[in-house]
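The block underneath contains the structure these notes are about, expressed in structure tokens.
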Amino acid sequence: MTNNEQSGVGGLSFTDDMSIEWRRVEREPDEARLAIVNESNESFLRAVSVIGAFPGEFSEEEVASSQEVARLDLKINLLLDLVSELIYQQSSIPPRRTATVSAREIAWRDENPPALDDILFMQVYIQHGTPKPLSVYGRVVAVQGEGDASTNRVRYLGLSPSAQSWLDKLVFRHHRREVAFRRRADADD
């Protein structure tokens, strides 16, 4: 699934279908704007970390009564799925496209690509079933190809160390799951 050489994204990454919205901005955001965006991203990434955790990823101390926790987890997940479905139906979230996300940048294909060195404000819906995006500023570092075949790479600007740390954890978790999925698929062949 992950092919860093093909996407141009370095380091650990994961590839998935996700909605992406972007718009050009005139200049890099100031510190006050970055602080607001980083606070929102940190809160969102913490929540995604809890939502995306498998019960086996917790320590024994964190899982006191595994059957009760599993039962409550199923109920909460069902509730989240239902509420998310309602919100998705009422929101104008763009269609999904394949994107590769790393802790430093994102790459995706777009029929109307931005220009090299453009500064963008991006909303990336990285968590399926959650209608809240990761909001980041970034600089276009590569545009390859034309039209539908155009691959764009954007390097994040101004992520706080805390937001960066939570994003690192998310990328690592997704990457680890991709590797496990690939190993299972190879073992089945």
Handout entry: Sole exception among (1) at pLDDT 90 or above; (2) within 15 Å of residue 100 (Cβ to Cβ) for residue 150, by number
Key = (1)
Problem - Neighbours by Cβ (under 8 Å, 6+ apart or cross-chain): first from the range 22-41, in contact (Cβ under 8 Å) with a residue 40 or more places away in the chain; second in a helix (DSSP H, G or I) - result: 29/37; 38/162; 38/163; 41/163; 41/166; 41/167
Practice task
Would you check if there is a residue in the range 33-44 being at pLDDT 80 or above, more than 18 Å from the chain's Cα centre (by Cα), of a type outside the set (A, V, I, L, M) and surrounded by 13 or more Cβ atoms within 10 Å (Cβ to Cβ)?
Solution key: yes
Completion exercise
Out of (1) surrounded by 14 or more Cβ atoms within 10 Å (Cβ to Cβ); (2) within 19 Å of residue 46 (Cα to Cα); (3) modelled with pLDDT under 85, the one residue 69 does not meet is (2)
Completion exercise
Counting only strands (runs of 3 or more DSSP E) entirely within the range 91-189, those with at least 3 residues that are within 17 Å of residue 38 (Cα to Cα) and in contact (Cβ under 8 Å) with a residue 40 or more places away in the chain are 119-125, 134-144, 151-157
Handout entry: Identity of the residue in the range 158-177, more than 13 Å from the chain's Cα centre (by Cα) and surrounded by 16 or more Cβ atoms within 10 Å (Cβ to Cβ), that ends up nearest to residue 48 (Cα to Cα)
Key = 159
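The values are calculated or read from the model by the stated rules, or taken from the named source; none is laboratory data. A quick note: this is a predicted structure, and the numbers were derived from the prediction, not measured. Please note: Cβ atoms are built from the backbone with ideal geometry, for glycine as well, and neighbour counts cover all protein chains shown.
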